[in-house]
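In what follows, a structure is listed as structure tokens, so that the remarks can point back to it.
The values are calculated or read from the model by the stated rules, or taken from the named source; none is laboratory data. Note that this is a predicted model, so its numbers are computed, not measured. FYI the Cβ positions are ideal-geometry reconstructions off the backbone, even for glycines, and counts take in every protein chain you see. Remember, those area values only see protein heavy atoms, side chains included, never the ligands or the DNA or RNA. Shrake-Rupley method; radii C 1.70, N 1.55, O 1.52, S 1.80 Å.
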Amino acid sequence: MGFVELLLLAIGLSMDAFAVSVCKGLAMKRLRFRDAAICGVWFGSFQALMPFVGYLLGSRFEQYIRAVSSWIAFILLVLIGANMLREALSKEEEEHASAGLDFKTMLVMAVATSIDALAVGITFAFLDVAILPSAGLIALTTFVLSALGVALGSLCGQKLQAHAKALGGGILILLGIKILLEHLGVF
């Protein structure tokens, strides 16, 4: 696999993390580099870790992972999106803008957006792919796109503050449905 193909793969794998990062940015009252970096590190790290783990697991478990990966991503994204919608419709004020960047939330989102990368790592085991540079490129690409996603979402969120969290939750739910429909062969 050449550099161009690997870069395109990295961009494709990072699109879920980018979409979630835009949603995170939408919910923020103001853009801080620290918040963009936190999203980038979480998503980039997991997008590197999952192909590496998949590479180590090899083809022996491919059929099991592939069979449930879309369902896991669907369930996690819909739950996260529904929670965001619930919070948006709640009359309670949020205590601080970065509440959605806590360890538990980011861990769940990082796992949900990187499940596909695990299956890619399994296929890397059968191709002539150097796993460490490949995982590094995937991590760097995801970091950059996730940080940009937070910035983009935050800029839009300044204009849409009242509906930002509901919009973000809706996007996550739609993303989860899209993943499931692709798995079921509808798209």
For labels at Asn83 and Phe3 in the simple 7 Å Cα→Cβ model, what's the distance in nm?
4.0 nm
If ligands, DNA and RNA are left out, what is the accessible area of Leu184 with a 1.4 Å probe, given in Å² to the nearest 10?
100 Å²
How much length is gained if the chain between Lys29 and Ile131 is pulled fully straight, taking 0.36 nm per residue apart and subtracting their Cα-Cα distance, in nm to one decimal?
32.8 nm
